[in-house]
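Have a look at the structure below, then the notes.
The values are calculated or read from the model by the stated rules, or taken from the named source; none is laboratory data. The structure presented is a predicted model; accordingly, all values stated were derived computationally and were not measured. Using ideal geometry, Cβ is built from the backbone for each residue, glycine included, and neighbour counts are taken over all protein chains shown.
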Amino acid sequence: MTELVQILRDKRDLPDKGLVELLETDNQSLVEELKECARETAIESFGKEVFLRGLIEWSNVCRNDCLYCGIRCSNANIQRYTLTREQILSCCELAYSSGIRTFVLQGGENPSSAQNLVPVVAEIHASWPDSAITLSLGELPFDLYEKLRIAGADRYLLRHETANPVHYAMLHPITMGQGTRLKCLYQLRELCYQTGMGMMVGSPFQKTEYLVEDIRLIQMFRPEMIGIGPFIPHKDTKFADFPAGSAELTMRLYSILRLMLPKANIPSTTALSSILPDGRIKGILAGANVIMPNFTPPQYRDAYSLYEGKSADPLEEVQKELSAEGYFTRPNRGDYNN
Ligand code: SF4
């Protein structure tokens, strides 16, 4: 085994220079070795089980104006929607009957609407007590995070997007600050949420050294979940003409982070499968262990356009791909288990 991969596997760490080499190398056999080692590590942690999460895109209303995002508040070209309590519960019902035991409620950042979710989260928790609830609703006040946690939410995903403050400022409006994002992550941790962070790969102006900073931030925070996907341009944003991020680099990051944090829940993201036709399974083979089939009512999916060409990850297709590679799914919350 190449020394770099061996050190990463044995020490769960590498100096920055080694990380840069793994991120930038053209040596295909080194890359394959990295992925294989990450795959073996994932199998040591989870066997050949892949955890399923049922994604429910609850609302595309957002108060923010992130420069890369298709549902940013200044985009007047999309129809805004927010699912009703009844619609959310029927999505959960469908997901549950399909064997899903984690519901992921994801939406734009909108504290007043998120407040309305508190009783809905409580109802989901009471109706399906053997299932986990993951939220991804952006930066909210501490007391709202707390209310949602008490209502029954178990996990919260808040991607940091980039660890480099200068880069963060290039991707976000001046009203958003990286300090707030990090403060929220620590608040979520304080409330004992299983917490997720992550970044876009290939976002405009990104450099390899910024990705190394991302890896260091993740290594230091040790999140229970790591959400990483390639940047995909959206026509209604300032970054419409920038190229998409690399699927290959995204998978290398799955592998590196799997070797650093063997038990973390790492999804093979929808964004990856949106730019690479067999991206879902390739992500799993690179060390990811989670897939998120979409249970949003079909009539709203196009309007939840964070980026263009989004894949739906239909459950049957996912299961077929997984079983062809000897992987399986079962009704399981798939909690972080250190
Ligand atoms: S990335 Fe999130 S916070 Fe930013 S505009 Fe899009 S939905 Fe809103």
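Listed here are the residues, each with its yes/no results for (1) within 16 Å of the ligand (Cβ to nearest atom); (2) under 30 Å from Met170 (Cα atoms); (3) assigned to a strand (DSSP E or B).
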| residue | (1), (2), (3) |
| --- | --- |
| Arg9 | no, no, no |
| Lys17 | no, yes, no |
| Asp26 | no, yes, no |
| Leu34 | no, no, no |
| Glu44 | no, no, no |
| Ile56 | yes, yes, yes |
| Arg63 | yes, yes, no |
| Tyr68 | yes, yes, no |
| Leu94 | no, no, no |
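Scanning the stretch 106-148 for residues that are surrounded by 19 or more Cβ atoms within 10 Å (Cβ to Cβ), more than 16 Å from the ligand (Cβ to nearest atom) and part of a helix (DSSP H, G or I) returns Val120, Val121, Ile124, Lys147, Leu148. Scanning the stretch 268-304 for residues that are in a loop (DSSP other than H, G, I, E, B), touching a residue at least 60 places away in the same chain (Cβ under 8 Å), buried (at least 20 other Cβ atoms within 10 Å of the Cβ) and within 16 Å of the ligand (Cβ to nearest atom) gives Thr296, Tyr304. Checking each residue in the stretch 225-244 for being part of a loop (DSSP other than H, G, I, E, B), touching a helix residue (DSSP H, G or I) at 6+ places or on another chain (Cβ under 9 Å) and either free of Cβ contacts under 8 Å to residues at least 60 places away in the same chain or surrounded by fewer than 22 Cβ atoms within 10 Å (Cβ to Cβ) (or both) picks out Ile228, Phe239, Ala244. Of the residues making up the stretch 95-105, at least one is in contact (Cβ under 8 Å) with a residue 60 or more places away in the chain, surrounded by fewer than 20 Cβ atoms within 10 Å (Cβ to Cβ) and within 21 Å of the chain's Cα centre (by Cα). The requirement of being at pLDDT below 80 and touching a Lys or Arg at 6+ places or on another chain (Cβ under 8 Å) is fulfilled somewhere in the stretch 294-303, by at least one residue. If the condition is being among the β-branched types (Val, Ile, Thr), surrounded by 22 or more Cβ atoms within 10 Å (Cβ to Cβ) and either free of Cβ contacts under 8 Å to residues at least 12 places away in the same chain or under 19 Å from Leu19 (Cα atoms) (or both), then the stretch 173-211 contributes only Val201. When each of Arg216, Arg222 is tested for being away from the ligand (no atom under 15 Å from the Cβ), within 16 Å of the chain's Cα centre (by Cα) and surrounded by fewer than 16 Cβ atoms within 10 Å (Cβ to Cβ), the lone residue that passes is Arg222.
Considering only the stretch 322-334, state which residues are out of contact with any strand residue (DSSP E or B) (no Cβ under 6 Å at 6 or more places or on another chain) and either among the hydroxyl-bearing types (Ser, Thr, Tyr) or surrounded by 15 or more Cβ atoms within 10 Å (Cβ to Cβ) (or both). If the condition is that a residue be out of contact with any strand residue (DSSP E or B) (no Cβ under 6 Å at 6 or more places or on another chain) and either among the hydroxyl-bearing types (Ser, Thr, Tyr) or surrounded by 15 or more Cβ atoms within 10 Å (Cβ to Cβ) (or both), then Leu322, Ser323, Tyr327, Asn332 are the ones that fit.
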